Protein chains: 2
Amino acid sequence: MADIEKLEKLARLVRFYILEMTTRVGSGHTNSSLSAVELAVSLFSTKFRFDLKNPENPANDRIIFSKGHASPLVYALYAAYSGLTEKDLTGYRTINSPLEGHPNPRFKYADVATGSLGQGLGIGLGMALALRLAPLTQGKLSDYQLRTTNYELPTVYVLMGDGEFAEGSVWEAMEVASYYKADNLIGIVDVNRLGQSGETLLGWDVETYKKRVEAFGWQAMVIDGHDLKALVDLWTSLETGKGKPVIVIAKTVKGKGVSMLEDVNGWHGRPLPQEDFEKAVKELGNVDKSLRGKVALPDKNMKFSTRSNSIYSSSLSASLKVNFVEKVPYKINEEIATRKAYGEALTVLAEVNPLVVSLDADVKNSTYTESFNDKYPKRFYEMFIAEQNMVSVAVGMAAMGYVPFVATFGVFLTRAFDQIRMAGYSRANVKFLGSHAGVSIGEDGPSQMALQDIAMFRTIDGSTILYPADGVATWRMVQLASKNEGIFYIRTNRPATPVIYTYKEAEQFKIGGSKVVRSSSTDKLTIVACGVTLIEALRAADELKKKKVNVRVIDAYSVKPIDEKTLRKAASETNNLVITVEDHYPEGGLGDAVLNVFAQDGQVKVFKLAVAKMPKSGKPQELLDYEEISSRGIIDKILQILG
Amino acid sequence: MADIEKLEKLARLVRFYILEMTTRVGSGHTNSSLSAVELAVSLFSTKFRFDLKNPENPANDRIIFSKGHASPLVYALYAAYSGLTEKDLTGYRTINSPLEGHPNPRFKYADVATGSLGQGLGIGLGMALALRLAPLTQGKLSDYQLRTTNYELPTVYVLMGDGEFAEGSVWEAMEVASYYKADNLIGIVDVNRLGQSGETLLGWDVETYKKRVEAFGWQAMVIDGHDLKALVDLWTSLETGKGKPVIVIAKTVKGKGVSMLEDVNGWHGRPLPQEDFEKAVKELGNVDKSLRGKVALPDKNMKFSTRSNSIYSSSLSASLKVNFVEKVPYKINEEIATRKAYGEALTVLAEVNPLVVSLDADVKNSTYTESFNDKYPKRFYEMFIAEQNMVSVAVGMAAMGYVPFVATFGVFLTRAFDQIRMAGYSRANVKFLGSHAGVSIGEDGPSQMALQDIAMFRTIDGSTILYPADGVATWRMVQLASKNEGIFYIRTNRPATPVIYTYKEAEQFKIGGSKVVRSSSTDKLTIVACGVTLIEALRAADELKKKKVNVRVIDAYSVKPIDEKTLRKAASETNNLVITVEDHYPEGGLGDAVLNVFAQDGQVKVFKLAVAKMPKSGKPQELLDYEEISSRGIIDKILQILG
């Protein structure tokens, strides 16, 4: 039983740090931090179990501060519990400090980046599911099963603001968490009534919050978020593992503890000026800066491990060793859709890497992840038609050491651009598969065509974009994605296309590589293409050859990073004439990637063929012709260029 | 009271058309269409009021088929009610027909494009709010008020699938619709249990649907979606205007009417092969192809008008005539943030254009739309932190003839990329404002910085991107956006920057234009910049001048379309050396737009300065320096280029 008086003193200390940090730097979200002080302190001093000296301890509970703007609270809290020093706090929001305006993994206790609201609950769900999966994980590393005996389930906590409950992504996490009975997940809502610019959608109507949360299948409890005794009772009596995730709905006051800020609009993101700061500190009363709270250590017996550890690397190296692509069953000229090859490759990969998990948004019969589901049902997650949450869940799983492959139609990944963007700042090890790229999907029409996906993923920090032209290359791309850290995007097509590579050729493919597939000493220009347009480019080249016009063809399967060296060499050997062909809009795709290679060359001319007319419904080949990116369009363009 | 027997015959006819269309073309979503036949027929024959000869009749009810993949139902339905001919149906999914795989405005009865699930309800909400706003709209066009007397509120219907209820955007629309008491909005859920690849999140658990919908403040009713008598009773007794939006939760069978399809998984998006089609038709029984249903006409007295009519154009021409920018209060060298100028300009615009509405996602004190809210509260919509729904609502309002300006931090528009993408296919007249662009926001850090927004908007069909460098230019951009149809994106910055243009200069700014702000006969190269980096470029140019190095500076305020002519002239006059500077990632931004201008030039060298290092928290100027896009970075780069 925690000492309430000590908690009051700790709360006072945390408030003091919050006010001091924000006033010092002259920015930061003071009042959003003050409302959650009792919630945080009561949790840290009672139920939360964490080894502050070893954040990587697999037995640790996890906590995500989804209301990332309350970063002053986060840092003040860890300081009050000896995770940070007062000196650390002085760096807050300065350019060389890891204590940024919104927490991200530069801060040692942040597993992920937060600051775009409504994403924390989905990430927490991913962590909770990963923790539940660990002891069950299938695979060849028998020592892995061994080391996960006497497994005790850590709890994942997510502190949210009330404003972010307007985000649909929160309700996606809600519905999926209850579907999967993620009962080691506890959400905490700081209902302080005020958003940035006024009252929130529901204000202090905590009963409506409760009704909505319960309707979504969660256990909900309402509490006074400033009543330390009530909070301690709640945390000490609260049991997880009852089949339902839990939400604590805490009625609080924004700016609590500083009368000039309490429940006053217009102070969001504004620190106190120096003179008001001094008044506020007086109001706080006696602050004991030598006081420190204590977070209980987790269960020592818990042995399963996370990304940073040997399991992860051993399974990775396992997948490195296994000659994975050798197993590819497709023969030259056999017709297979790259989206189908993806599902089949992923299923084979799962065998050698027990940390690979597959997520899909109700299109598993289109992305062919259903074969993964058939063979490894425990590692397959049907995420339903809720792409934002699917991505956040994957980020959470990756933070726990798994290697999530997230699949849906490429176009519907645009639904989760903000989550993918934040995944970049989380340095998440998530692999994305986008199927049904481009107009080559045919009759379903524009709404289902990925025509902006490459542009989107090119803007993601440290992303790699791979676009295989055949089934064999697809297997290699899946292996490259699983072997290398970071965000990968693999783009695949709907129609069946002929196999053009042997597995020995594909094994040579690398990140930042390309493949010269047609070449002669008399090539008049270079065609750069990938995916379905590479097949068209080869047809064009063979047609032109009959007309005694030789052209070089490069498969730029690594769109990001792109193979500058090979492209430069080819251009210099083919009259400085380059033509790019892509089943994507002209903006931000392969063509622009190639343009950047020659930006400062001052000689090379680049001609872009892309989807320049608004697409419509029609037969795949009709549409490729209509957009002038088929072999016919390529030939016409080349003859025009060569005059 | 409708004749049930006739409805049964109509249902049979609609089913016949559905089967015939999809089997003929060999693609399409047959079974998703069959489950909603009774829902659609009963509505069209009873409550729905629509002038099929004049889809633009302002008194029409509206209907959005959010489950756009059920397009066979849509076209079959309009054929059975004389809106289409049997010949029209033969064009389904063929390249020259407006009857595409998923409906879009090429089809005369589709106000918007659907096909990306979960967006229809938000669009319907926008239409419902627009209909409620019409008689209230403030403004100078007194005849407008006049013509909106004796106003009777049309109803907006949205037919949804059950699978799309997993999308968070649906729950965003739910919470906002009940907040605004949009009681002229009726949602219909076709709960046919099966998604594309298996059972949906809730299957046939209609009671849980009811609980969730009611918790979100809607009136909900559960019904057997195939019981025509019950449906007719429901539609004839259902009253709108009771203070709550209504959801009809219909339990249905996927593939209803064709035994081999009924409630069978694996047929999603698959038509019947010819031989099965013949069996199915036998099973349907006698089909009377001469039978036609009748949709009741709307109230003739309703006079208020929509986009296609005189009001809209007259208010547009009004805003054209008014010398709007002349009213700008800022003086040269005065410091003002472009985001603030946006809010102030919009408020002045609202006075001359009564159809301008303002939407904001709880950042109205950052985008300064709060001044609009103060002056025109009835035309201001607080959309809370739910960006996806905010965009869908704007699309619905635009379809009703309003001119929505949608404002939030530029970075959070990425949350709605899929909605913005679909807005492009809807040819929506929506204007987007993205504030807090780039690293110049400072301490809040990467999660709040728009660094991918230009890349995103450049990929939107027919979009225009304007990026003003000062407050005066911002006013002009707002006017250009209001005067011209289509999707506009205006990018603004957080910090206050000096006014550099007079209103007479700004009045010359045009879509596809640019402004040469520094020029001499001895310029050694050309700097292309916009927004905050233009100010840095000017500082750099003035510094260099002191060093006797003259450079040309171009304000490329129109990023899309970009001013090719001026850029080509400048390059040719400045040694073919061009340097671009942008507070945006290197991918897909200003630099790439400029690269495309010179792609086939074969002489010009383009050097790109952009945000190339992962950004962090810090002072705005520190971060501009850190990313080497400040005057210092520009000078260093130029001296390096010039050797």
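The values are calculated or read from the model by the stated rules, or taken from the named source; none is laboratory data. Note that the structure is predicted; figures quoted are calculated from it, not measured. So basically every Cβ, Gly included, is an ideal-geometry build from the backbone, and we count neighbours across all protein chains shown. The accessibility values were calculated without ligands, DNA or RNA, using every heavy atom of the protein model including side chains. Shrake-Rupley method; radii C 1.70, N 1.55, O 1.52, S 1.80 Å.
Miscellaneous remarks
- Any hit, segment B:498-505, residues being in contact with an Asp or Glu (Cβ under 8 Å, 6 or more places away or on another chain), away from chain A (no Cβ under 14 Å) and acidic (D, E): no
- Within segment A:269-282, considering residues that are open to solvent by 40 Å² or more (accessible area, probe 1.4 Å) and either touching a helix residue (DSSP H, G or I) at 6+ places or on another chain (Cβ under 8 Å) or over 21 Å from A:V25 (Cβ atoms) (or both), the one nearest to the other protein chains (Cβ to nearest Cβ): A:R270
- Unique match (being of a type in the set (D, E, K, R), open to solvent by 10 Å² or more (accessible area, probe 1.4 Å), within 16 Å of A:A345 (Cα to Cα) and assigned by TED's automatic domain parsing to the domain that holds A:V348) among A:K364, A:K378: A:K364
- Considering residues of segment B:329-356 that are hydrophobic (A, V, I, L, M, F, W, C) and surrounded by 24 or more Cβ atoms within 10 Å (Cβ to Cβ) only, the residue nearest to B:T369 (Cα to Cα): B:L346
Let's see how each residue does on (1) buried (at least 24 other Cβ atoms within 10 Å of the Cβ); (2) among the polar types (S, T, N, Q):
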{"site": "A:R12", "(1), (2)": "no, no"}
{"site": "A:F16", "(1), (2)": "no, no"}
{"site": "A:E20", "(1), (2)": "no, no"}
{"site": "A:T23", "(1), (2)": "no, yes"}
{"site": "A:T30", "(1), (2)": "yes, yes"}
{"site": "A:L34", "(1), (2)": "yes, no"}
{"site": "A:V37", "(1), (2)": "yes, no"}
{"site": "A:S42", "(1), (2)": "yes, yes"}
{"site": "A:R49", "(1), (2)": "no, no"}
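- Test: A:T580 is among the polar types (S, T, N, Q) and crowded, with 21+ Cβ neighbours inside 10 Å: yes
- Restricting attention to segment B:176-193, the residues being more than 26 Å from B:L34 (Cβ to Cβ) and basic (K, R) number 1.
For every residue, the table says whether it meets (1) at the interface with another protein chain (Cβ under 9 Å from one of its Cβ atoms); (2) in contact with a helix residue (DSSP H, G or I) (Cβ under 8 Å, 6 or more places away or on another chain); (3) not in a loop (DSSP other than H, G, I, E, B).
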{"residue": "B:T566", "(1), (2), (3)": "no, no, yes"}
{"residue": "B:S572", "(1), (2), (3)": "no, no, yes"}
{"residue": "B:Y585", "(1), (2), (3)": "yes, yes, no"}
{"residue": "B:D592", "(1), (2), (3)": "yes, yes, yes"}
{"residue": "B:L595", "(1), (2), (3)": "yes, yes, yes"}
{"residue": "B:A599", "(1), (2), (3)": "yes, yes, no"}
{"residue": "B:V606", "(1), (2), (3)": "yes, yes, yes"}
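- Scope segment A:441-469; condition out of contact with any strand residue (DSSP E or B) (no Cβ under 6 Å at 6 or more places or on another chain) and more than 14 Å from chain B (Cβ to nearest Cβ); matching residues: A:P468
- Listed conditions (1) in contact with a Pro (Cβ under 8 Å, 6 or more places away or on another chain); (2) in a helix (DSSP H, G or I) are all met by B:Y78, apart from (1).
- Residue that is least open to solvent (accessible area, probe 1.4 Å) [pool: residues in segment A:564-575 that are farther than 12 Å from A:V528 by Cα and touching a Leu at 6+ places or on another chain (Cβ under 9 Å)]: A:T574
- When the strands (runs of 3 or more DSSP E) confined to segment B:148-257 are screened for residues that are open to solvent by 10 Å² or more (accessible area, probe 1.4 Å) and more than 14 Å from chain A (Cβ to nearest Cβ), those reaching at least 2 such residues are found at B:219-224.
- Some residue of segment B:619-629 being open to solvent by less than 10 Å² (accessible area, probe 1.4 Å), at the interface with chain A (Cβ under 8 Å from one of its Cβ atoms), in a loop (DSSP other than H, G, I, E, B) and touching a residue at least 60 places away in the same chain (Cβ under 8 Å): no
- A single entry from B:I454, B:I385, B:I441 fulfils the requirement of being open to solvent by 10 Å² or more (accessible area, probe 1.4 Å) and outside the structural domain of B:G589 (by TED's automatic domain parsing): B:I385.
- Filtered residue count, segment B:113-129, keeping only those that are of a type in the set (G, A, S) and over 15 Å from the mean Cα position of the chain (by Cα): 1
- Restricting segment B:117-143 to residues that are over 18 Å from B:P404 (Cα atoms) and at pLDDT 95 or above, the residue that is most open to solvent (accessible area, probe 1.4 Å) is B:L117.
- Residue that is nearest to B:L19 (Cα to Cα) [pool: residues in segment B:63-72 that are of a type in the set (A, V, I, L, M, F, W, C) and open to solvent by 10 Å² or more (accessible area, probe 1.4 Å)]: B:F65
- Segment A:462-496: number of residues that are closer than 20 Å to A:H436 by Cα and surrounded by fewer than 20 Cβ atoms within 10 Å (Cβ to Cβ): 2
- Verdict on B:Y342 being more than 12 Å from chain A (Cβ to nearest Cβ) and not in a helix (DSSP H, G or I): no
A quick yes/no check of all residues on (1) among the hydroxyl-bearing types (S, T, Y); (2) within 12 Å of chain B (Cβ to nearest Cβ):
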{"site": "A:A399", "(1), (2)": "no, no"}
{"site": "A:V403", "(1), (2)": "no, no"}
{"site": "A:T408", "(1), (2)": "yes, yes"}
{"site": "A:R415", "(1), (2)": "no, yes"}
{"site": "A:R421", "(1), (2)": "no, yes"}
{"site": "A:N429", "(1), (2)": "no, no"}
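- Selection within segment A:73-102 - open to solvent by less than 10 Å² (accessible area, probe 1.4 Å), more than 9 Å from chain B (Cβ to nearest Cβ) and either touching an Asp or Glu at 6+ places or on another chain (Cβ under 8 Å) or not β-branched (V, I, T) (or both): A:L73, A:Y75, A:A76, A:L77, A:Y78, A:A79, A:A80, A:Y81, A:G83, A:L89
- Any chance B:Y557 is surrounded by 19 or more Cβ atoms within 10 Å (Cβ to Cβ), within 27 Å of A:P103 (Cα to Cα) and under 33 Å from the mean Cα position of the chain (by Cα): no
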